[in-house]
1. Considering only strands (runs of 3 or more DSSP E) fully contained in the range 279-390, which possess at least 3 residues that are acidic (Asp, Glu) and closer than 30 Å to residue 223 by Cα?
2. Looking at the range 209-261 only, could you name the residues that are surrounded by 15 or more Cβ atoms within 10 Å (Cβ to Cβ), more than 20 Å from the chain's Cα centre (by Cα) and of a type in the set (A, V, I, L, M)?
3. When you scan the range 100-107, do you find a residue that is modelled with pLDDT of 75 or more and more than 24 Å from the chain's Cα centre (by Cα), even just one?
4. Which of the residues spanning the range 270-300 are farther than 14 Å from residue 346 by Cβ, among the small types (Gly, Ala, Ser) and touching a residue at least 40 places away in the same chain (Cβ under 8 Å)?
5. Checking the condition under 24 Å from residue 16 (Cβ atoms) and of a type in the set (Ser, Thr, Tyr), which residue from 174, 138, 146 passes?
6. What strands (runs of 3 or more DSSP E), lying completely within the range 141-212, carry at least 3 residues that are within 20 Å of residue 325 (Cβ to Cβ) and in the same structural domain as residue 49 (by TED's automatic domain parsing)?
7. Which is closer than 30 Å to residue 162 by Cβ, modelled with pLDDT of 85 or more and among the hydrophobic types (A, V, I, L, M, F, W, C), of 275, 262, 231, 217?
Amino acid sequence: MGNAFCSFAQSPGKITGSIKDGGNQKVIDAASISLLNAKDSSLIKVSVTDKEGNFVFENVQDGSYLLMASSTGHGKTYSKPLSINAQTVSVSAGVLQLVPVNKNLKEVIVTSKKPFIERKLDRTIVNVEASITNVGNSALEVLEKSPGVTVDKDGNISLKGKQGVIIFIDGRPSYLSGPDLANMLRNMTAAQLDQIEIMTNPPAKYDAAGNSGVINIKTKKNKQFGYNGSITAGYTQGIYARFNEALSFNYRNKKMNFFSNISHNRHHKAEELYILRNFREATTKDIKSIFDQETSMENQSYYYYAKAGLDYSVSKKTTVGIVLNGYYNPSTWESVTNTSIYNPDQILTNKTKAVTRNDEKWKNFSGNFNFRTVLDSAGQELTADFDYIQ
């Protein structure tokens, strides 16, 4: 039998706690909780408190963390450092007290700023631009940080532990799942997103799309008349450099709204894997041989995404539109594995070297024609969508 040790094998942990008003000790419903890396305060995940003021972070990897709590009308507060490891897989942060902000009635300054997390009756809304930590990230990375959302290593998305989540883009089904959906979201940058709507019990307009819930990703559409555009770029330096660029252009008049965006991402990353195996006799448990394995992995990916659409108002109540979008994602993955085999006296008996290379190309194109008309003053409407996907 063999005993294997992997450098990145970790047991997912859990962090729990609750939030109260430090002034009157009332429960604070829908307070925002951010899970931060204790080393550099980078954002790992966001959650919101339930009606009892409790919160939970699940599937937390080994490491040291801080919690930051915030709520409208209160100052921010931080927890003490918390650690998840093999000995401590569940940690309670206790009760975090949010202190109300004193109001100065002598001077009133009115400002308008969207909160990062909003909770409505039927959905939780993530305002993407409200957090500076989203700059330079992909849509998939923003989604990973969102409340209740989990993305595994294969790109499968679950909501509060349930698989089979339906992803909508601007209120329309993406018709993608698994690796295809993950690649599309990796191709989209955070700069292209307006909001993410997370619905565990979606309203009737989504036609009972799935028992696991619905996530609606809303992209930006400029509502100002005339020409509008923006250019964004990002650079991250790790072992290798990472780049992202995005360009958007819009034109709107009383009858027509044209919108478009294009983006590019370049990812280059490396991983190291070390495995030491001791093979033993079944009966005596004496060591028969020792396998010492070292693997170096390198991945390069390029993401290209483009979208263009046109909405036309036939009348005050009726609108027709067309949307075209697609992505292209070529990538290369290489690994070099050196395996040394020793006898029980730790004398080298064999050595092998394996080189692996995978070249992949993911691509997708889709078109949508849509129709919407308002039937009455109560807001009832009739909609239709025609989709083509390749």
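The values are calculated or read from the model by the stated rules, or taken from the named source; none is laboratory data. Quick caveat, the model's predicted, so the values are computed rather than measured. So basically every Cβ, Gly included, is an ideal-geometry build from the backbone, and we count neighbours across all protein chains shown.
1. Details: elements: 287-313, 318-342, 348-374, 381-389.
Ranges flagged: 381-389.
2. Once the filter is applied, which keeps residues that are surrounded by 15 or more Cβ atoms within 10 Å (Cβ to Cβ), more than 20 Å from the chain's Cα centre (by Cα) and of a type in the set (A, V, I, L, M), the range 209-261 yields 209, 247.
3. Yes: one or more hits.
4. The answer is 282, 296.
5. 146
6. On the way: elements: 149-151, 157-159, 166-169, 193-199.
Counting at least 3 such residues, we get no strands (runs of 3 or more DSSP E) at all.
7. 217
The rows are residues; the columns are (1) hydroxyl-bearing (Ser, Thr, Tyr); (2) surrounded by 15 or more Cβ atoms within 10 Å (Cβ to Cβ); (3) within 30 Å of residue 174 (Cβ to Cβ).
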| site | (1), (2), (3) |
| --- | --- |
| 297 | no, yes, yes |
| 346 | no, no, no |
| 358 | no, no, yes |
| 372 | no, yes, yes |
